[in-house]
Amino acid sequence: MASNRLSFRNITALAPMVRVGTLPMRLLALDYGADVVYCEELIDIKMAQCQRVVNEVLQTVDFVAPDDRVMFRTCERERGRVVFQMGTADPDRALTVAQLVQKDVAAVDVNMGCPKEYSTKGGMGAALLSNPDRIEAILKKLVSGLDIPVTCKIRILPSVEETISLVQRIERTGVSAIAVHGRFKDERPRHPVHCDYIQAVAQTVSIPVIANGGSSDPVKTNADIEEFRKATGASSVMLARAAMWNASVFAKQGPHPVEKVMEEYLKYAIRYDNNAFNTKYCLCQMLRDKVESPLGKKVQAAQTNAEISEAYGLQEFYQQIQDQLQTRRDALQSSSLPDRPVMEGDVTTMAVKFERREYPPQITPKMFLLEWSRREKLEQPLYEIVRDAESKTLIRQSVNINHKFSPHPE
Ligand SMILES: Cc1cc2nc3c(=O)[nH]c(=O)nc-3n(C[C@H](O)[C@H](O)[C@H](O)COP(=O)(O)O)c2cc1C
């Protein structure tokens, strides 16, 4: 529905950031007042291999790689506000990936600005800037094949004229907005941002322009966001480093003390079972020059979210969340099983809960049963595992002990 489409006019956005822009950071930025949040750049080839899985325990939608790594996790809270940024150089693959995620995100963005090798290899990221035909092919394919808005993020070209000519071509593809990082391809973050280039772009195109590159100088606090918007004449502003250091830069009353911000971040990381190394990485970015402080050293030494929680005195919160998640897991497992044993001919159906504490270490119910059948001189038990086709949640695990019937199709 057109009215529900995400608008990029007059917004403040969390910029795409590899390793930083995972779910906890995006939710934190939304809490502090960001209107739109971009995920980290995800490479099309990797995403194309992922399966969409509804995670009923965490109440998230996960895109899971064949090696079980969660490449992209999202949830209801950010639906309508999250932009999926993709690294791609191939129109067909870009569309395949965009179609895989489009039900769960508000827009799709193509990265055309990242000069790092992981992005430019294979012609992606900033490498696309010297291949406008490819840019056009990718964006046209996405715009015509998707029901959600398509955007892109570029860096500026060596001259204003070249930059303008490129953005005009991009606008004609039908994209909904364009983010402009006001630095040349080979410039580093320490170089001043070229507000005049962004301004020239903003005056040329009629789609919203999202100004980027202002962290640190000029944007240090929330009030500076407006200044940056004015200096560039852009409709919107996108922040990367300023938000990574302290996400409360989005808050009108901000910034809040970074200690508080780290705590809020960690709570989301625990709640959404964020990868511990990713959690650590983000906290270290927030600690900045305090990364060698006693707290920083504890964070660096931690290997799990539980250990990181201890460093911040959040053990109780951690345990509460684990208990909640376990309760949900148990409810999901038993909801499809009868309350009491049901006997039908040779088959007895009953719900059996596995309480690890009731078994000696390393011993599982399967091993107990195997041992028992050997003693009773029965054939080895056969197992059948039924999982929900979409969420992969375990629905039923049945065991057939005397083999008078076989639940297996063979
Ligand atoms: C840690 C980090 C990761 C980044 N990853 C991405 C990325 O995945 N995609 C992208 O388009 N830009 C990426 N960038 C660039 C930022 O989105 C942004 O363009 C740049 O930092 C300038 O904005 P700023 O001055 O607000 O930091 C990254 C920047 C940082 C600091």
Conditions first: (1) more than 27 Å from H181 (Cβ to Cβ); (2) within 16 Å of the ligand (Cβ to nearest atom). G254 passes all but one, so which condition is the exception?
(1)
Check L166, L128, L142, L157 and return the single one that is surrounded by 24 or more Cβ atoms within 10 Å (Cβ to Cβ) and without any contact (Cβ under 8 Å) to a residue 40 or more places away in the chain.
L128
Under 6 Å between Cβ atoms, at least 6 apart or on separate chains: pull out the pairs that start in the stretch 28-42 with a residue that is under 19 Å from F8 (Cα atoms) and assigned to a loop (DSSP other than H, G, I, E, B) and end on any residue that is among the hydroxyl-bearing types (S, T, Y) and open to solvent by less than 30 Å² (accessible area, probe 1.4 Å).
A34/T12; D35/T12
Can you confirm whether the stretch 204-220 contains a residue that is surrounded by fewer than 23 Cβ atoms within 10 Å (Cβ to Cβ), under 30 Å from the mean Cα position of the chain (by Cα), within 25 Å of I138 (Cβ to Cβ) and among the aliphatic types (A, V, I, L, M)?
yes
Go through the stretch 257-306 and give me each residue that's open to solvent by less than 90 Å² (accessible area, probe 1.4 Å), without any contact (Cβ under 8 Å) to a residue 12 or more places away in the chain and not aliphatic (A, V, I, L, M).
P257, S293
Taking the criterion of being away from the ligand (no atom under 11 Å from the Cβ), within 25 Å of L30 (Cβ to Cβ), assigned to a loop (DSSP other than H, G, I, E, B) and of a type in the set (D, E, K, R), would at least one residue in the stretch 86-97 satisfy it?
no
Determine, yes or no, whether R52 is basic (K, R), within 15 Å of Y272 (Cα to Cα) and not in a loop (DSSP other than H, G, I, E, B).
no
Is at least one residue of the stretch 76-83 within 12 Å of the ligand (Cβ to nearest atom) and open to solvent by less than 20 Å² (accessible area, probe 1.4 Å)?
yes
Going by the conditions given, is V61 under 22 Å from the mean Cα position of the chain (by Cα), closer than 21 Å to L23 by Cα and within 16 Å of the ligand (Cβ to nearest atom)?
no
Among the residues of the stretch 149-172, is any within 23 Å of the chain's Cα centre (by Cα) and either more than 13 Å from the ligand (Cβ to nearest atom) or outside the structural domain of F72 (by TED's automatic domain parsing) (or both)?
yes
Please work out if T232 is open to solvent by less than 10 Å² (accessible area, probe 1.4 Å) and either over 28 Å from the mean Cα position of the chain (by Cα) or farther than 22 Å from D44 by Cβ (or both).
yes
Checking the condition under 22 Å from Y281 (Cα atoms), aromatic (F, W, Y) and either open to solvent by 10 Å² or more (accessible area, probe 1.4 Å) or in contact with a His (Cβ under 8 Å, 6 or more places away or on another chain) (or both), which residue from Y32, Y38 passes?
Y32
Of the residues in the stretch 173-193 that are touching a residue at least 60 places away in the same chain (Cβ under 8 Å) and touching a strand residue (DSSP E or B) at 6+ places or on another chain (Cβ under 9 Å), the one that is farthest from the ligand (Cβ to nearest atom) is S176
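The values are calculated or read from the model by the stated rules, or taken from the named source; none is laboratory data. Remember, predicted model here, so these are calculated numbers, not experimental data. All Cβ positions, even for glycine, are placed from backbone atoms using ideal geometry, and neighbour counts span all protein chains on display. Just the protein is used for accessible areas: all its heavy atoms, side chains included, with ligands, DNA and RNA removed. Shrake-Rupley method; radii C 1.70, N 1.55, O 1.52, S 1.80 Å.
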